[in-house]
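Undergrad: Sharing a structure with you now.
The values are calculated or read from the model by the stated rules, or taken from the named source; none is laboratory data. Every value quoted in this text rests on a predicted model; they were computed, and no experiment measured them. Glycine also receives a Cβ, built like all others from the backbone with ideal geometry; neighbour counts cover every protein chain displayed.
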Amino acid sequence: MALTKDLSYSEAAVLAVQREMEADARVVVLGEDVGRGGIFGQYKGLQQTFGAERVIDTPISEAAIMGAGVGMALAGLRPVVEMRVVDFALCGMDELVNQAAKNRFMFGGQGRVPLVARMPGGIWDASAAQHSQSLEAWFAHLPGVVVVSPSTPQDNYSLLRAALQCGDPVVYIEHKTLWGLRGEVDEDMAVPLGKARRVREGNAITIVSWSKQVQACTAACDALAAEGIAADLIDLRTLWLWDRETVLASCARTQRLLVVHEAVQVAGFGAEIAATAAEATGCRVARLGAPRIPVGYAPVLEAQSRVGAEAVATAAKKLLG
Amino acid sequence: MDSSNSSATPRIIGEALYRTMVRIRAFENAAEAASQGGVSAYGQQAAGSAKVRGPLHLSTGQEAVPAGVCAHLRVSDYLTSTHRGHGHTLAKGADLVRMMCELFGKATGFNGGKGGSMHIADFSVGMLGANGVVAAGLPIAVGAAHAQKVLKKNGDITVCFFGDGAINRGPFLEALNWARVYELPVLFVCEDNRWSATTASGPMTAGEGASARAASMDIAATQVDGNDVFAVHETAARLVHEVRDGGGPRLLHALTYRVKGHVSVDLAAYRDPAELAAAVETDPIARARGHLLSHGATAAALDAIENAARDEVDTALAIADAAPWPDATAAFTDVQTIGAGQWH
Ligand SMILES: Cc1ncc(C[n+]2csc(CCOP(=O)(O)OP(=O)(O)O)c2C)c(N)n1
């Protein structure tokens, strides 16, 4: 009998790490403030349960945390590497890009780097330009890494477990403002990496999104449905390897694709999906993301970077019209 | 209770230092009140009603360090700061009203509402910005000091504030090395408040910390009681003088304490209350007041300084509240010259 619980997005993450740590003694956690449960409670209680040798507090040293994660992985551990927010992961970028992502290939398959680098992304309310970035396209661009961005507690539980079992470096991007989101979590439900989730079904238009923007898209789909437009909404869940099969099958049916993301639209991952769909199916494509501006502090400025449900519905109708 | 050095500080300077500290405290107390229920960072939701939104890192209890150091600086000297930068900015001479406007996110703030507390800056007085990335200010300070050298701004210096947690990031070591290699006019000031977010810094730091690391690179370092504004003032006087004189980089290691949580909503439940209680005993403002009173200042004069600071802050709150929001189009300005804000 599957055990189902009502959990928050952060509690679901704790449970996922806990289950993996129970199942595999090689799983360790390292990062700033993780011993106290992490700044979002996403490691709450783990140090009490597993001890300070497996939930390792570190200095403020992102480069060393990421680099040490690579070394630990090469030497037989399965580290969860905490970067706090995606913005600070940039301080460990060389260690991720030139070391973690390259190791397996560059050394002819001798080494493997099974680490999960957690780096919460997205706009963090009133936190301005250095704490609100959506950088997933940077990582999707890197051969050698898996990129995951869950939008629900269930997915955060199941995908984090899948990430820890995957054996290659995973860039795991939780959303900075989804931590309190609650939902049912079935502990036995496996969600494979690379498989999208259909959130709404319809034949008029395909909408593809991920992470928190799935919420705006869901609201937009409800508004469109009220006008008699049935959209097919796909939550990508994994950006690399993204679920081409599901997306392209939907595009072939609807002949219309709208990709929506919180990241800056220019050179965003939406461009990759739109181009792939247009090449493969000849469907009409559109993208919707933030303007190419840093995220501002004042509410009115921050709002300029936000893509809301209304904008999604408008873009969908434009594509249909 | 006070440093034996302090009698060397003339009363008039003592009262000026007191005024700086009191203004910082009043500013931050008001900002904290205006942020109630509004901080979004570290798991909290921003309430629409809060006037100051976003993470607010308070320097309560640390006021003696910027007061004592910046008293020796000129407008043409540069300053880089941390995420906890209100005190540095005020002490360097920034306008308090425009600072409050920035915390409110208003168009009249120093950053036009784009930055908020964590990025407070006033370039017009050489304050090159608070920073959201730990240790990011260190190499920037080195660059500014290097420019002062290249541009032959002889006698001008750069001061760089950073926390005890920041010394464990590479940029700290890289900046110190560079500063020494090029004998740059930079004063590094470590505000050692014993905490790094929710983690005590001591157990995460090998060796003796900032001063020992500076010494290993042949940079003269001095430790000081960072809660004794007179001691900070006197030690900084010497170091600033040596740096101005072309003596190369110096480091001031100020031992102080972070009285509040990491951000204003953080109640610091992870901390031993006894540690806080002991630290509050050495509050720099109360100590300075006691010292000044025993050296000829009158209670009335010091009360007047405090009342003036409170009035100034009240006025700033009213002005910030009434100030206009930035225009939405400002989100697209100052991005870059070519193609700013274009996306389709
Ligand atoms: C590169 C980087 N890593 C982590 C953080 C998150 N963070 C913000 S402040 C802080 C603690 C900094 O401690 P310290 O340098 O001692 O300064 P203090 O907060 O004590 O003034 C941390 C970990 C950050 N802003 N930047």
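Undergrad: Mind telling me which of the residues A:GLY92, A:GLY37, A:GLY67, A:GLY31 ends up being within 14 Å of A:PRO120 (Cβ to Cβ) and within 14 Å of chain B (Cβ to nearest Cβ)? Give the steps one after another, and end with the answer.
TA: Numbers: A:GLY92 fails: within 14 Å of A:PRO120 (Cβ to Cβ); A:GLY37 fails: within 14 Å of A:PRO120 (Cβ to Cβ); A:GLY67 fails: within 14 Å of A:PRO120 (Cβ to Cβ).
Answer to the check: A:GLY31.
Undergrad: Moving on to the next point. In region A:292-318, which residues are farther than 15 Å from B:GLY105 by Cβ and of a type in the set (S, T, N, Q)?
TA: Matches in region A:292-318: A:THR314 only.
Undergrad: If you check A:ALA298, A:ALA311, which single one turns out to be within 14 Å of chain B (Cβ to nearest Cβ), among the small types (Gly, Ala, Ser) and touching a Pro at 6+ places or on another chain (Cβ under 6 Å)?
TA: When all the criteria are applied, what remains is A:ALA298.
Undergrad: Could we say that B:GLY93 is facing chain A (nearest Cβ under 9 Å), at pLDDT 95 or above, on the phi > 0 side of the Ramachandran plot and surrounded by fewer than 24 Cβ atoms within 10 Å (Cβ to Cβ) here?
TA: So B:GLY93 fails the test.
Undergrad: How about region B:163-173: which of its residues are under 16 Å from B:THR80 (Cα atoms) and more than 6 Å from the ligand (Cβ to nearest atom)?
TA: Correct list: B:ILE167, B:PRO171, B:PHE172.
Undergrad: A further question on this structure: Go through region A:15-49 and count every residue that is closer than 22 Å to B:ARG271 by Cα and of a type outside the set (S, T, N, Q). First the steps, then the outcome.
TA: First, the residues of region A:15-49 that are closer than 22 Å to B:ARG271 by Cα: A:30-49.
From the residues that got through so far, the ones that are of a type outside the set (S, T, N, Q) too are A:30-41, A:43-46.
Result for region A:15-49: 16.
Undergrad: Looking only at region B:130-159, filter to residues that are in contact with a helix residue (DSSP H, G or I) (Cβ under 6 Å, 6 or more places away or on another chain) and within 14 Å of another protein chain (Cβ to nearest Cβ); which one of those is nearest to the ligand (Cβ to nearest atom)?
TA: Among those that are in contact with a helix residue (DSSP H, G or I) (Cβ under 6 Å, 6 or more places away or on another chain) and within 14 Å of another protein chain (Cβ to nearest Cβ), it is B:VAL134.
Undergrad: Now for a separate question. For A:GLY167, only one of the following conditions fails: (1) outside the structural domain of A:GLN133 (by the TED database); (2) on the phi > 0 side of the Ramachandran plot. What is its number?
TA: Status for A:GLY167: all satisfied but (1).
Undergrad: If I filter region B:152-165 for residues that are of a type in the set (Val, Ile, Thr), more than 17 Å from B:ALA254 (Cα to Cα) and in contact (Cβ under 8 Å) with a residue 24 or more places away in the chain, do I get at least one hit?
TA: yes
Undergrad: Answer yes or no: is there a residue in region B:119-126 that is crowded, with 19+ Cβ neighbours inside 10 Å, more than 11 Å from the chain's Cα centre (by Cα) and within 14 Å of the ligand (Cβ to nearest atom).
TA: Yes; the residues of region B:119-126 include at least one that is crowded, with 19+ Cβ neighbours inside 10 Å, more than 11 Å from the chain's Cα centre (by Cα) and within 14 Å of the ligand (Cβ to nearest atom).
Undergrad: Identify the single condition in (1) surrounded by fewer than 24 Cβ atoms within 10 Å (Cβ to Cβ); (2) not in a strand (DSSP E or B) that A:LEU159 does not satisfy, given that it satisfies every other one.
TA: (1)
Undergrad: In addition: Looking at B:ASP327, B:ASP283, B:ASP311, can you tell me which residue is within 14 Å of chain A (Cβ to nearest Cβ) and among the acidic types (Asp, Glu)? Show your work before the answer.
TA: On the way: B:ASP283 fails: within 14 Å of chain A (Cβ to nearest Cβ); B:ASP311 fails: within 14 Å of chain A (Cβ to nearest Cβ).
Step by step, each of B:ASP327, B:ASP283, B:ASP311 is checked, and only B:ASP327 is within 14 Å of chain A (Cβ to nearest Cβ) and among the acidic types (Asp, Glu).
Undergrad: All but one of (1) part of a loop (DSSP other than H, G, I, E, B); (2) farther than 22 Å from B:GLY87 by Cβ; (3) more than 15 Å from the ligand (Cβ to nearest atom) hold for B:THR282; state the number of the condition that does not hold.
TA: The failed condition is (2).
Undergrad: Within region B:140-152, can one find any residue that is modelled with pLDDT of 95 or more, under 25 Å from B:ASN227 (Cβ atoms) and not aliphatic (A, V, I, L, M)?
TA: no
Undergrad: Here is a follow-up. I need every pair where a residue in region B:56-81 that is surrounded by fewer than 24 Cβ atoms within 10 Å (Cβ to Cβ) has its Cβ under 6 Å from the Cβ of a residue that is among the aromatic types (Phe, Trp, Tyr), sequence separation at least 6 or different chains.
TA: B:GLY61/B:TYR257
Undergrad: Mind telling me which of the residues B:ALA330, B:ALA318, B:ALA309 ends up being small (Gly, Ala, Ser) and surrounded by fewer than 14 Cβ atoms within 10 Å (Cβ to Cβ)? Steps first, answer last, please.
TA: Details: B:ALA330 fails: surrounded by fewer than 14 Cβ atoms within 10 Å (Cβ to Cβ); B:ALA309 fails: surrounded by fewer than 14 Cβ atoms within 10 Å (Cβ to Cβ).
The match here is B:ALA318.
Undergrad: So the check is Cβ under 6 Å with 6+ separation or different chains; which pairs have a first residue in region B:180-200 that's farther than 22 Å from B:VAL224 by Cβ and a second one that's within 8 Å of the ligand (Cβ to nearest atom) and at pLDDT 95 or above?
TA: B:ALA197/A:ASP33; B:ALA197/B:HIS262; B:THR198/A:ASP33; B:THR199/A:ASP33
Undergrad: Considering A:GLY92, A:GLY108, which residue is assigned by the TED database to the domain that holds A:ASP33 and out of contact with any helix residue (DSSP H, G or I) (no Cβ under 9 Å at 6 or more places or on another chain)?
TA: Being assigned by the TED database to the domain that holds A:ASP33 and out of contact with any helix residue (DSSP H, G or I) (no Cβ under 9 Å at 6 or more places or on another chain) holds for just one of A:GLY92, A:GLY108, which is A:GLY108.
Undergrad: Name every residue in region A:42-59 that is touching a helix residue (DSSP H, G or I) at 6+ places or on another chain (Cβ under 6 Å) and either within 16 Å of the ligand (Cβ to nearest atom) or farther than 14 Å from A:ALA13 by Cβ (or both), in order of residue number.
TA: Matches in region A:42-59: A:GLN42, A:TYR43, A:GLN47, A:PHE50, A:ASP57, A:THR58, A:PRO59.
Undergrad: Show the residue pairs meeting these rules: Cβ distance below 6 Å; 6+ apart or different chains; first residue within region B:16-38 and within 14 Å of chain A (Cβ to nearest Cβ); second residue of a type in the set (Lys, Arg).
TA: Hits for this filter: B:ALA34/B:LYS51; B:GLY38/B:ARG53.
Undergrad: Turning to a different aspect of this structure: I'd like the full set of residues that are within 16 Å of the ligand (Cβ to nearest atom) and within 15 Å of the chain's Cα centre (by Cα), limited to region A:82-121.
TA: Our first condition is that a residue be within 16 Å of the ligand (Cβ to nearest atom); within region A:82-121, this holds for A:82-96, A:117-121.
Scanning region A:82-121 gives A:GLU82, A:MET83, A:ARG84, A:VAL85, A:VAL86, A:ASP87, A:ALA89, A:ALA117, A:ARG118, A:MET119, A:PRO120, A:GLY121.
Undergrad: Moving to a separate point now. State yes or no: is B:ALA320 within 14 Å of chain A (Cβ to nearest Cβ), of a type outside the set (Val, Ile, Thr) and in a helix (DSSP H, G or I)?
TA: Criteria met by B:ALA320.
Undergrad: Sticking with this structure for a sec: Quick one: how many residues across region A:60-81 are of a type in the set (D, E, K, R) and within 12 Å of the ligand (Cβ to nearest atom)?
TA: Residues of region A:60-81 that are of a type in the set (D, E, K, R), as a first pass: A:62, A:78.
Cutting the leftovers down to within 12 Å of the ligand (Cβ to nearest atom) gives us A:62.
Residues meeting the conditions: 1.
Undergrad: So which residues in region B:191-235 are within 16 Å of the ligand (Cβ to nearest atom), more than 13 Å from every other protein chain (Cβ to nearest Cβ) and part of a loop (DSSP other than H, G, I, E, B)?
TA: B:ASN193, B:ARG194, B:GLU208, B:GLY226, B:ASN227
Undergrad: Just one of (1) aromatic (Phe, Trp, Tyr); (2) surrounded by fewer than 23 Cβ atoms within 10 Å (Cβ to Cβ); (3) within 12 Å of chain A (Cβ to nearest Cβ) trips up B:PHE162, so point out which.
TA: (2)
Undergrad: Also, I was wondering about something else. With the condition kept exactly as written, say whether any residue in region B:242-260 is in contact (Cβ under 8 Å) with a residue 24 or more places away in the chain, of a type in the set (Val, Ile, Thr) and touching a strand residue (DSSP E or B) at 6+ places or on another chain (Cβ under 7 Å).
TA: Taking every residue of region B:242-260 in turn, at least one turns out to be in contact (Cβ under 8 Å) with a residue 24 or more places away in the chain, of a type in the set (Val, Ile, Thr) and touching a strand residue (DSSP E or B) at 6+ places or on another chain (Cβ under 7 Å).
Undergrad: Taking region B:250-269 as the search range and keeping residues that are under 30 Å from B:ALA175 (Cβ atoms) and more than 12 Å from the ligand (Cβ to nearest atom), which one is surrounded by the most Cβ atoms within 10 Å (Cβ to Cβ)? Outline the logic, then answer.
TA: Applying the first criterion (under 30 Å from B:ALA175 (Cβ atoms)) to region B:250-269 yields B:250-264, B:266, B:268.
If we keep only those that are more than 12 Å from the ligand (Cβ to nearest atom) as well, we get B:250-253, B:255, B:264.
Details: B:ARG250: 25, B:LEU251: 24, B:LEU252: 28, B:HIS253: 24, B:LEU255: 19, B:SER264: 26.
Going through the qualifying residues, I end up with B:LEU252.
Undergrad: Return the residues of region A:205-233 that are assigned to a loop (DSSP other than H, G, I, E, B) and surrounded by fewer than 20 Cβ atoms within 10 Å (Cβ to Cβ); say none if nothing qualifies.
TA: If the condition is that a residue be assigned to a loop (DSSP other than H, G, I, E, B) and surrounded by fewer than 20 Cβ atoms within 10 Å (Cβ to Cβ), then A:GLU227, A:GLY228, A:ILE229, A:ALA230 are the ones that fit.
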